[in-house]
Amino acid sequence: MHTVFAKLPPTAEIAAALDLPDGTVRSWKVRDSIPARHDIALVALAAESGAKLTLAEIAAARAKAARRK
């Protein structure tokens, strides 16, 4: 998920955009895991920040993280 986080704004901005506590988003980063229910919002957030992030990239990062566990 590191590649996904690299395309997103800082965790505080992600948390604000998703209306979540910053600690929640920071824990995703630490655990190398993002709940799939947020994928579409994260793609939109990346686009708003000028980055290109696709659902396929998130899915590939999720699969890679699962293989490491």
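The values are calculated or read from the model by the stated rules, or taken from the named source; none is laboratory data. If you're wondering where the values come from, they're calculated on a predicted model, not measured in any experiment. For neighbour counting, all protein chains shown are included, and Cβ atoms are generated from backbone atoms with ideal geometry for every residue, glycine included.
How many residues, within the stretch 19-40, are touching a helix residue (DSSP H, G or I) at 6+ places or on another chain (Cβ under 6 Å) and among the aliphatic types (A, V, I, L, M)?
Residues that pass the stated criteria total 2.
Show the residue pairs meeting these rules: Cβ distance below 9 Å; 6+ apart or different chains; first residue within the stretch 22-51 and closer than 13 Å to T11 by Cα and among the aromatic types (F, W, Y); second residue at pLDDT 95 or above and assigned to a helix (DSSP H, G or I).
The qualifying pairs are W28/F5; W28/T11; W28/I14; W28/H38.
So, of the residues in the stretch 16-65 that are part of a helix (DSSP H, G or I) and of a type in the set (K, R), which turns out to be surrounded by the fewest Cβ atoms within 10 Å (Cβ to Cβ)?
Ranking the qualifying residues of the stretch 16-65, first place goes to R37.
Could you please find all residues in the stretch 1-15 being assigned to a helix (DSSP H, G or I) and either under 10 Å from the mean Cα position of the chain (by Cα) or closer than 26 Å to K69 by Cα (or both)? Walk me through how you get there before you give the answer.
So the first thing to find is which residues in the stretch 1-15 are assigned to a helix (DSSP H, G or I), and the list is 2-6, 11-15.
If the condition is that a residue be assigned to a helix (DSSP H, G or I) and either under 10 Å from the mean Cα position of the chain (by Cα) or closer than 26 Å to K69 by Cα (or both), then H2, T3, V4, F5, A6, T11, I14, A15 are the ones that fit.
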